[in-house]
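Engineer: Structure below; questions to follow.
The values are calculated or read from the model by the stated rules, or taken from the named source; none is laboratory data. Only a predicted model underlies this, so the values are computations on that prediction, with no experimental measurement involved. Counting neighbours? That spans all protein chains shown, and the Cβs are built from the backbone with ideal geometry, glycine included.
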Amino acid sequence: MTSESFFTLSERIDEVFFFIGAAVLLIEVLEAIFKGNLRKKTLMEMLASASTQIPFLLVEIFVMTFAYGVLYMVSANFVSWQIPTTWVTVIVALVLVDLTYYWEHRIAHQVRLLWTQHAVHHSSRDYSIITSIRFGPFESLWALIMHIPLVLIGFAPDVVFGCSLIVLGYQTWLHTEVIGKLGPLEWVLNTPSHHRVHHGADAKYLDKNYGGILIIWDRMFGSFQVEEERPRYGLTTDFDSQNPIKVWFSELPALMKDLRNAKSGQEVWMRLFGRPGWKP
């Protein structure tokens, strides 16, 4: 196996998750029609979620393509050792990428500057498969930074990015309420039930279940919460807009206002890198 062939395989796996997600979306829509719940607001919310792909893809094309290229160049010219690409090393890389995703995700909830991007994913009051593609424009940049150490220790960039694609693709089917709890799988894997908790704005559900594929990281690092009552989705602050521009940049106006009103360099630092909601 080569790193290039593995990346091609990861793209095929991502396509499989896409089709699974499309099937679940069809079930969601049919269920809503059957129950009479397919309201105009629901459709507008879905369109707002889908619209986030516009700035996200523009950043991918004009910013991240260059950033990925730089990382490939660094790997080729400055990392003189490389871990061979075999099934064993790919599985190891997948586990490490999943662990990296856990911390990338957890930190994005705890650092306000990063939260301005990730909050876009959480701002919908509805919860459906379409939520899985609701991204902040610059989320990929933070993800790239977090994966740099894996390239520096010798994993080929194609292997790292391929594993990352699988971790993200896996999560597509988690964004639904039509799938209940999955028995023993709940102990090891991230499931729709676990991820519904993650999107909950209820106090008991806040900042829980960060995992990508495996839920064991949350169990190990003390951030696990089982789903009990149905979550109240969205942000703890009042956000209920379907205006695409407001959805894309929902957290930035408040951050800009706080930075303008900051009275010291320390306050500027804490406004940017402290927890969301921090006040002097």
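Engineer: Name the single residue that is farthest from the chain's Cα centre (by Cα) among those in the range 267-280 being modelled with pLDDT of 95 or more and over 21 Å from Asp238 (Cβ atoms).
Structural biologist: Selected residue: Glu267.
Engineer: Is it the case, given these coordinates, that Val95 is in a helix (DSSP H, G or I), modelled with pLDDT of 90 or more and of a type outside the set (Phe, Trp, Tyr)? Write out each step before concluding.
Structural biologist: Working: in a helix (DSSP H, G or I): yes; modelled with pLDDT of 90 or more: yes; of a type outside the set (Phe, Trp, Tyr): yes.
It is true that Val95 is in a helix (DSSP H, G or I), modelled with pLDDT of 90 or more and of a type outside the set (Phe, Trp, Tyr).
Engineer: Looking at Gly265, Gly234, Gly277, which one is within 22 Å of Ile107 (Cβ to Cβ), surrounded by fewer than 14 Cβ atoms within 10 Å (Cβ to Cβ) and small (Gly, Ala, Ser)?
Structural biologist: The unique qualifying residue is Gly277.
Engineer: Could you tell me whether the range 216-231 includes any residue that is closer than 20 Å to Gln117 by Cα, surrounded by 13 or more Cβ atoms within 10 Å (Cβ to Cβ) and under 16 Å from the mean Cα position of the chain (by Cα)?
Structural biologist: Keep residues of the range 216-231 that are closer than 20 Å to Gln117 by Cα, which gives none.
No, every residue in the range 216-231 fails to be closer than 20 Å to Gln117 by Cα, surrounded by 13 or more Cβ atoms within 10 Å (Cβ to Cβ) and under 16 Å from the mean Cα position of the chain (by Cα).
Engineer: Yes or no: the range 245-255 includes at least one residue that is among the β-branched types (Val, Ile, Thr) and over 21 Å from His121 (Cβ atoms). Before you say what the answer is, go through the steps one by one.
Structural biologist: Step one: of the range 245-255, the residues among the β-branched types (Val, Ile, Thr) are 245, 247.
Those still in the list that are over 21 Å from His121 (Cβ atoms) too: none.
No, the range 245-255 contains no residue that is among the β-branched types (Val, Ile, Thr) and over 21 Å from His121 (Cβ atoms).
Engineer: Ok, one more. Can you find, within the range 137-181, the residue that is nearest to the chain's Cα centre (by Cα) among those that are under 27 Å from Glu227 (Cβ atoms) and not in a helix (DSSP H, G or I)?
Structural biologist: Once the filter is applied, the top-ranked residue is His175.
Engineer: Is it the case that some residue within the range 214-221 is touching a His at 6+ places or on another chain (Cβ under 9 Å) and on the phi < 0 side of the Ramachandran plot? Reasoning before the result, please.
Structural biologist: Applying the first criterion (touching a His at 6+ places or on another chain (Cβ under 9 Å)) to the range 214-221 yields 215, 218.
Narrowing further to those that are on the phi < 0 side of the Ramachandran plot: 215, 218.
Yes; the residues of the range 214-221 include at least one that is touching a His at 6+ places or on another chain (Cβ under 9 Å) and on the phi < 0 side of the Ramachandran plot.
Engineer: Output the residues belonging to the range 187-218 that are touching a Lys or Arg at 6+ places or on another chain (Cβ under 6 Å), of a type in the set (Gly, Ala, Ser) and assigned to a helix (DSSP H, G or I).
Structural biologist: Ser193
Engineer: What is the one condition in (1) out of contact with any strand residue (DSSP E or B) (no Cβ under 9 Å at 6 or more places or on another chain); (2) of a type outside the set (A, V, I, L, M, F, W, C); (3) over 30 Å from Thr42 (Cα atoms); (4) in a helix (DSSP H, G or I) that His109 does not satisfy?
Structural biologist: Going through the list (1) out of contact with any strand residue (DSSP E or B) (no Cβ under 9 Å at 6 or more places or on another chain); (2) of a type outside the set (A, V, I, L, M, F, W, C); (3) over 30 Å from Thr42 (Cα atoms); (4) in a helix (DSSP H, G or I), His109 breaks only (3).
Engineer: Out of the range 246-269, which residues are closer than 14 Å to Thr116 by Cα and part of a helix (DSSP H, G or I)?
Structural biologist: Start the filter on the range 246-269 by keeping residues that are closer than 14 Å to Thr116 by Cα, which leaves 246-259.
Result: Lys246, Val247, Trp248, Leu252, Pro253, Ala254, Leu255, Met256, Lys257, Asp258, Leu259.
Engineer: Between Val197, Val178, Val167, which is free of Cβ contacts under 8 Å to residues at least 60 places away in the same chain and β-branched (Val, Ile, Thr)?
Structural biologist: On the way: Val178 fails: free of Cβ contacts under 8 Å to residues at least 60 places away in the same chain; Val167 fails: free of Cβ contacts under 8 Å to residues at least 60 places away in the same chain.
One residue alone meets the criteria, Val197.
Engineer: Please return the ranges of helices (runs of 4 or more DSSP H) entirely within the range 1-81 where 3 or more residues are at pLDDT 90 or above and over 21 Å from Val120 (Cβ atoms). Steps first, please.
Structural biologist: Working: elements: 3-35, 40-51, 53-59, 65-78.
Those helices (runs of 4 or more DSSP H) span 3-35, 65-78.
Engineer: Under 8 Å between Cβ atoms, which residue pairs at least 6 apart in sequence (or on different chains) link something in the range 1-22 that is in contact (Cβ under 8 Å) with a residue 40 or more places away in the chain with a partner that is surrounded by fewer than 13 Cβ atoms within 10 Å (Cβ to Cβ)?
Structural biologist: Met1/Thr86; Met1/Trp87
Engineer: Kindly provide the set of residues from the range 241-262 that are under 23 Å from Pro55 (Cβ atoms) and surrounded by fewer than 12 Cβ atoms within 10 Å (Cβ to Cβ), ordered by number. Break it down stepwise before answering.
Structural biologist: Taking the range 241-262 as the starting set, the residues that turn out to be under 23 Å from Pro55 (Cβ atoms) are 241-259.
Within the range 241-262, Asn243, Ile245, Pro253, Lys257 meet the criteria.
Engineer: Name the pairs whose Cβ atoms lie under 9 Å apart, with the first residue in the range 25-51 and free of Cβ contacts under 8 Å to residues at least 24 places away in the same chain and of a type in the set (Asp, Glu), the second in a helix (DSSP H, G or I) and exposed (fewer than 15 other Cβ atoms within 10 Å of the Cβ), and 6 or more positions between them or separate chains?
Structural biologist: Nothing qualifies.
Engineer: Residues that are touching a Leu at 6+ places or on another chain (Cβ under 8 Å), touching a residue at least 60 places away in the same chain (Cβ under 8 Å) and assigned to a loop (DSSP other than H, G, I, E, B): does the range 113-136 have at least one? Lay out the reasoning, then the answer.
Structural biologist: From the range 113-136, those touching a Leu at 6+ places or on another chain (Cβ under 8 Å) are 113, 116, 119, 122-123, 128-130, 132; that's our starting set.
Next, from what is left, pick out any that are touching a residue at least 60 places away in the same chain (Cβ under 8 Å): 113, 116, 119, 122-123, 128-130, 132.
When the remaining residues are screened for being assigned to a loop (DSSP other than H, G, I, E, B), the result is 123, 128.
Within the range 113-136 (the criterion being touching a Leu at 6+ places or on another chain (Cβ under 8 Å), touching a residue at least 60 places away in the same chain (Cβ under 8 Å) and assigned to a loop (DSSP other than H, G, I, E, B)), the answer is yes, since at least one residue qualifies.
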